[in-house]
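What follows is a single structure, written as structure tokens, with notes after it.
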Amino acid sequence: MVLATKGGIRPPIPYDSSAAGLRAACEDSLRRLGVDVIDLYQVHRPDMLAHPAEVAATLAALRDEGKIREVGVSNHTVAQVEALQAHLPFPIATTQPEFSAAETGPMRDGTFDHAMQHGLMPMAWSPLAGGRLATGVDAPAALIETLDELAAREGVERSIMALAFVLAHPSRPVCIIGTQTPARIAGALAALDVTLDRNDVYDLIEASEGRPLP
């Protein structure tokens with residue numbers, strides 16, 4: 001098991017990755033979790049008022065103190081990741097974008113390309129688009145239809161097919177399953193047994209984006 005958590009959001013302040021703010025968030029997490037070290041500590045969202053050198057110095061200090069093992073980022077652009085990495089004495093381990101069959105941005109904006117270039121592990125949040133791909137509510141009709149066709153072919157639920165889409169990317173994303181129900185977590189493993197070929201994946205992309213690929 002890898003124990004991962006985030007810091008950097010401190011209501012009512014939207015984002016706080018100052019040295020004091022990030023350190024307090026990490027130490028509060030250690031206390032609440034009842035552990036001595038966090039395997040993966042992530043900056044939840046970029047703080048536009050924090051210099052990346054300050055953020056890096058704080059993360060490096062927490063690592064040197066044995067409070068965290070690895071560092072990741074969430075909802076960062078490629079430029080923001082590179083700015084932080086430039087000041088860190090060790091590589092960033094993970095990046096966490098929103099990615100699903102309904103949100104294909106990371107394939108287009110360089111997030112996955114950058115991850116593959118530098119060996120970051122992508123961790124896809126909301127792989128079921130907030131549940132919309134499971135329920136079919138407020139999701140593109142063509143996308144739901146295509147997911148259903150592939151799910152019927154493979155003998156799985158639509159939600160499993162949606163997870164399989166995420167796993168099909170060569171950057172090898174990890175799906176962050178937004179459930180506290182053990183049965184659903186166990187059931188999600190069925191996505192590992194689904195094989196999608198290029199036509200399948202591109203059909204889903206076209207259905208999601210509502211236009212044929214050039």
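The values are calculated or read from the model by the stated rules, or taken from the named source; none is laboratory data. Small disclaimer: the values here were computed from a predicted structure and weren't measured. As a convention, Cβ positions derive from the backbone with ideal geometry for all residues, glycine included, and neighbour counts pool all protein chains shown. When the accessible area is computed, the model is the full protein with side chains, heavy atoms only, and any ligands, DNA or RNA have been set aside. Shrake-Rupley method; radii C 1.70, N 1.55, O 1.52, S 1.80 Å.
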Test result for D39, open to solvent by less than 40 Å² (accessible area, probe 1.4 Å), in contact with a helix residue (DSSP H, G or I) (Cβ under 8 Å, 6 or more places away or on another chain) and of a type in the set (D, E, K, R):
no
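With P127, P106, P122 as the choices, which residue is closer than 15 Å to C175 by Cα, in a helix (DSSP H, G or I), in contact with a helix residue (DSSP H, G or I) (Cβ under 6 Å, 6 or more places away or on another chain) and at pLDDT 95 or above?
Values: P127 fails: in a helix (DSSP H, G or I); P122 fails: in a helix (DSSP H, G or I).
Residue meeting the stated conditions: P106.
Limited to segment 163-214, what total is found for residues that are of a type in the set (D, E) and buried (at least 18 other Cβ atoms within 10 Å of the Cβ)?
As a first pass, look at segment 163-214 and keep what is of a type in the set (D, E): 193, 197, 200, 203, 206, 209.
With the extra rule that they be buried (at least 18 other Cβ atoms within 10 Å of the Cβ), the set shrinks to 200, 203.
Number satisfying all stated conditions: 2.
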Scan of segment 135-162 for residues that are crowded, with 18+ Cβ neighbours inside 10 Å, over 29 Å from I92 (Cα atoms) and aliphatic (A, V, I, L, M), ordered by number:
A139, L143, I144, L147, L150, A151, V156, I160, M161
Residue that is closer than 18 Å to T111 by Cβ, over 21 Å from the mean Cα position of the chain (by Cα) and open to solvent by 30 Å² or more (accessible area, probe 1.4 Å), where the choices are A79, A24, A86
A86
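Looking at the structure I just gave you, is E70 acidic (D, E), surrounded by 18 or more Cβ atoms within 10 Å (Cβ to Cβ) and not in a loop (DSSP other than H, G, I, E, B)? Give the derivation first.
Working: acidic (D, E): yes; surrounded by 18 or more Cβ atoms within 10 Å (Cβ to Cβ): yes; not in a loop (DSSP other than H, G, I, E, B): yes.
For E70, the condition - acidic (D, E), surrounded by 18 or more Cβ atoms within 10 Å (Cβ to Cβ) and not in a loop (DSSP other than H, G, I, E, B) - is met.
So which helices (runs of 4 or more DSSP H) stay within segment 139-202 end to end and still have 3 or more residues that are farther than 21 Å from P97 by Cα and without any contact (Cβ under 8 Å) to a residue 12 or more places away in the chain? Lay out the reasoning, then the answer.
Working: elements: 141-154, 158-167, 182-187.
Output list reads 141-154, 182-187.
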